[in-house]
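Input: a single structure, listed below in C-alpha cells.
The values are calculated or read from the model by the stated rules, or taken from the named source; none is laboratory data. As the structure is a prediction and not an experimental result, all values here were calculated from the model. Glycine gets a Cβ as well: all are built from the backbone with ideal geometry, and neighbour counts include every protein chain shown. What goes into the accessible areas is simple: the full protein's heavy atoms, side chains included, and nothing from ligands, DNA or RNA. Shrake-Rupley method; radii C 1.70, N 1.55, O 1.52, S 1.80 Å.
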Amino acid sequence: MILLPLLLQTVAPVETPEARFDRCVDLATGSDPGQGAAEASAWRLAGGGFLARQCLGMAYARSGNFAGAAGAFSEAAHEAEVAHDARAANYWAQAGNAWLAAGDPVKARTALNAALSSGMLTGLPLGEAQLDRARAAVASGNLAAAREDIDKALASAADDPLAWLLSATLARRMGDLDRARKDIGEALKRSSDDAQVQLEAGNIAAAAGDETGAKAGWQKAAELAPDSPAATAARKALEQFGAK
C-alpha cells in the first residue's frame, strides 16, 4: 500500500504583546503618529490593556496633544495598578511630564506624587520624575518645594546636565548666586554645547554684575542654536550692550 504524504499546515506565529507594543511605538513615534494612535486604539479594544494605552499616549504626545497623552498615560497607570504591575510608576511619571507640557502643573504634581510615592522608581527615572515635580512646583510658585525636589534629583541623576541647569536657574531666582554659579559650572562641564546652559550662564553672570561673563554666555547661546528660543532670549539680552 502506498501512503500519501500528509499536507503540512503553516501556522502563522502569534505576536507577543511585547512585539506588538514595539510595532505600535514605531508607528506612534514615526512621521505619522495618527497611524500609531489608530493601531493603539484598535489594540486597546482587542484587550491590549495598559501597553496599548501607553502607546496611545506616546502617539498623542508625538502629535502635540499633551492633555490627551496625559489622560492615556493616567489610564495606563490605573490599569497597571489593578494588575499589580510595577510599570504603573513609570506611567504616572509619563502622565506628569505630559501634564507639564500641557501647561497644568497641578495635575502634573498629582501624577508625579503617585509615581514617586510608589517607591518603584530608581536611578535616572527617579531623578527625572523629581525634576518634573520640581518644575511643577516652580510653575505653581512653590520655590521651596522645587529646591527640595531638585536636591533629591541631583542625588539620583547627578550626570544629567538638565538637573544642574534647573538647580542653577532656581538658585538664581532665589537669590543664591554662589549656588547658582557652582551649579551652572557643573552643567557646563556636562553640556557646554547646549544653548540653554550657555544662556543661563550668561543670566547668572549678569545677576552677579559680571558683564564680560554675561556677554560671553549669551553670545555662545546665540551661536550654538541660532533658531532656538534660547538664542532669541540671548540676542534680546545682548541688545542692552548694543550687540546683535
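Residue-by-condition table, conditions (1) in contact with an Asp or Glu (Cβ under 9 Å, 6 or more places away or on another chain); (2) outside any helix (DSSP H, G or I); (3) without any contact (Cβ under 8 Å) to a residue 40 or more places away in the chain:
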{"site": "Ala42", "(1), (2), (3)": "no, no, yes"}
{"site": "Gly47", "(1), (2), (3)": "no, yes, yes"}
{"site": "Phe50", "(1), (2), (3)": "yes, no, no"}
{"site": "Gly57", "(1), (2), (3)": "yes, no, no"}
{"site": "Ala61", "(1), (2), (3)": "no, no, no"}
{"site": "Ala70", "(1), (2), (3)": "yes, no, no"}
{"site": "Phe73", "(1), (2), (3)": "no, no, yes"}
{"site": "Glu81", "(1), (2), (3)": "no, no, yes"}
{"site": "Asp85", "(1), (2), (3)": "yes, yes, yes"}
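Only one entry in Gly68, Gly36 is more than 17 Å from Asn97 (Cβ to Cβ) and either surrounded by 18 or more Cβ atoms within 10 Å (Cβ to Cβ) or at pLDDT below 95 (or both), namely Gly36. Can you name the residue in the stretch 223-244 that is without any contact (Cβ under 8 Å) to a residue 24 or more places away in the chain and under 17 Å from Asp193 (Cβ atoms) and is also surrounded by the fewest Cβ atoms within 10 Å (Cβ to Cβ) among such residues? Within the stretch 223-244, the match that is surrounded by the fewest Cβ atoms within 10 Å (Cβ to Cβ) is Asp227. Would you be able to say whether some residue in the stretch 148-163 is closer than 22 Å to Asn97 by Cβ, surrounded by fewer than 21 Cβ atoms within 10 Å (Cβ to Cβ), modelled with pLDDT of 95 or more and among the β-branched types (Val, Ile, Thr)? Looking for residues that are closer than 22 Å to Asn97 by Cβ, surrounded by fewer than 21 Cβ atoms within 10 Å (Cβ to Cβ), modelled with pLDDT of 95 or more and among the β-branched types (Val, Ile, Thr), one finds none in the stretch 148-163, hence no.
Might you let me know whether the stretch 179-195 holds any residue that is touching a Ser or Thr at 6+ places or on another chain (Cβ under 6 Å), open to solvent by less than 30 Å² (accessible area, probe 1.4 Å), of a type in the set (Gly, Ala, Ser) and in a helix (DSSP H, G or I)? Yes, because at least one residue in the stretch 179-195 is touching a Ser or Thr at 6+ places or on another chain (Cβ under 6 Å), open to solvent by less than 30 Å² (accessible area, probe 1.4 Å), of a type in the set (Gly, Ala, Ser) and in a helix (DSSP H, G or I). Scanning the stretch 46-65 for residues that are farther than 19 Å from Arg87 by Cα and either open to solvent by less than 20 Å² (accessible area, probe 1.4 Å) or touching a Lys or Arg at 6+ places or on another chain (Cβ under 8 Å) (or both) turns up nothing. Of Arg179, Arg190, which residue is over 23 Å from the mean Cα position of the chain (by Cα), farther than 17 Å from Leu238 by Cβ and basic (Lys, Arg)? On inspection, the qualifying residue turns out to be Arg179.
Under 9 Å between Cβ atoms, at least 6 apart or on separate chains: pull out the pairs that start in the stretch 204-222 with a residue that is over 15 Å from Ser192 (Cα atoms) and open to solvent by 50 Å² or more (accessible area, probe 1.4 Å) and end on any residue that is of a type in the set (A, V, I, L, M, F, W, C) and not in a helix (DSSP H, G or I). The qualifying pairs are Lys215/Ala243. Entry remark, the stretch 128-157: residues being part of a loop (DSSP other than H, G, I, E, B) and either more than 16 Å from the chain's Cα centre (by Cα) or on the phi > 0 side of the Ramachandran plot (or both) number 3 in total. Candidates in the stretch 100-123 are the residues that are open to solvent by less than 40 Å² (accessible area, probe 1.4 Å) and not small (Gly, Ala, Ser); of these, the one that is farthest from Gly36 (Cα to Cα) is Leu116. Within the bounds of the stretch 2-14, is there any residue that is modelled with pLDDT under 90 and either in contact with a strand residue (DSSP E or B) (Cβ under 8 Å, 6 or more places away or on another chain) or open to solvent by less than 100 Å² (accessible area, probe 1.4 Å) (or both)? Taking every residue of the stretch 2-14 in turn, at least one turns out to be modelled with pLDDT under 90 and either in contact with a strand residue (DSSP E or B) (Cβ under 8 Å, 6 or more places away or on another chain) or open to solvent by less than 100 Å² (accessible area, probe 1.4 Å) (or both).
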